1. For region 198-233, what are the residues that are closer than 20 Å to Pro183 by Cα and buried (at least 19 other Cβ atoms within 10 Å of the Cβ)?
2. Test each condition in (1) touching a residue at least 12 places away in the same chain (Cβ under 8 Å); (2) outside the structural domain of Asn220 (by TED's automatic domain parsing); (3) surrounded by fewer than 18 Cβ atoms within 10 Å (Cβ to Cβ) for Pro93 and report the one that comes out false.
3. Look at region 152-173 and say how many of its residues are in a helix (DSSP H, G or I) and in contact with a Pro (Cβ under 9 Å, 6 or more places away or on another chain).
4. In region 151-174, which residues are out of contact with any Asp or Glu (no Cβ under 7 Å at 6 or more places or on another chain) and crowded, with 20+ Cβ neighbours inside 10 Å?
5. I'm trying to understand the selection: among the residues of region 120-151, which are at pLDDT 95 or above, part of a helix (DSSP H, G or I) and in contact with a Phe, Trp or Tyr (Cβ under 8 Å, 6 or more places away or on another chain)?
6. For region 15-112, which strands (runs of 3 or more DSSP E) that fit wholly inside it have 2 or more residues that are of a type in the set (Val, Ile, Thr) and farther than 20 Å from Pro199 by Cα?
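The values are calculated or read from the model by the stated rules, or taken from the named source; none is laboratory data. Everything quoted here is computed from the prediction, not taken from an experiment. FYI the Cβ positions are ideal-geometry reconstructions off the backbone, even for glycines, and counts take in every protein chain you see.
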Amino acid sequence: MKMLRILSAGAAQAVVEPVMAAFEQEGHTFKAEFGAVGAMKARLLEGVPVDLIILSSTMIDELIVAGHVVAGSRADLGRVGTGVAVRAGSALPDVRTVDTLRGNLLAVTKIVCPDPAAATAGKIVMSALERLDIKEQAGPKLKFFPNGYAAMNWLAGSRGALEVGITQNTEIKANKGVTYVGPLPDELQMKTTYSAGLPARAENAEDARVFMARLTGAANRAALAAAGYEFGD
């Protein structure tokens, strides 16, 4: 069997890996890389060999228009919101309203999140801070990471007081070292749909299509929901 090479947004790692494990039981082999959507898109455009790519739906559509992803191959995993996390065992701040979130973010010593230069969640964090009118005050507290997984791993291992993380819900719920506090208030949410697509240069398109169907199909819907994906209008 041919190796299946995957480039994936970190927000999909928690659901992609179990499907990979099932395929490996069937004899397939993989080379997978997870990270911020901007970084994964750049890898594709650099010419890195890839058979399946998972990014935001907006990026997949842009790549289809540019001819880098096969038209008609897009398959959606679902929508993901952005949430707040603390180190496991820490007190849970109130993040249910704009006012309580603003007050608690002003009180913390550090805010960890993905780098807005490459990651969807990082851009959402910066937008939220701006809309809360605390971007300037929060600036010195921000600590950026290449992706949400790296941010959550750092938070899980830190021993600092009053530290929070903000990233995609799927990246929080996949890390047992942190606790999911709750979603950003609706006024600050910018939910992202993540989608899989077949790169135009894919060498193993047959297995990639089977993998996409299993990842996004009805039989995997419960696993996607448990990981933090939402469906419907």
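1. Listed by number, the residues that qualify are Leu224, Ala227, Gly228, Tyr229.
2. (3)
3. Residues flagged as in a helix (DSSP H, G or I) and in contact with a Pro (Cβ under 9 Å, 6 or more places away or on another chain) within region 152-173 amount to 2.
4. Result: Ala151, Glu163, Val164, Gly165, Ile166, Thr167, Gln168, Asn169, Thr170, Glu171, Ile172, Ala174.
5. If the condition is that a residue be at pLDDT 95 or above, part of a helix (DSSP H, G or I) and in contact with a Phe, Trp or Tyr (Cβ under 8 Å, 6 or more places away or on another chain), then Ala151 is the only one that fits.
6. Numbers: elements: 30-35, 52-56, 75-80, 82-87.
Output list reads 82-87.
Rundown of residues vs (1) surrounded by 16 or more Cβ atoms within 10 Å (Cβ to Cβ); (2) touching a residue at least 24 places away in the same chain (Cβ under 8 Å); (3) more than 18 Å from Gly148 (Cβ to Cβ), yes/no style:
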site	(1), (2), (3)
Ala9	yes, yes, no
Glu24	no, no, yes
Gly27	no, yes, yes
Gly35	yes, yes, no
Glu46	no, no, yes
Leu55	yes, yes, no
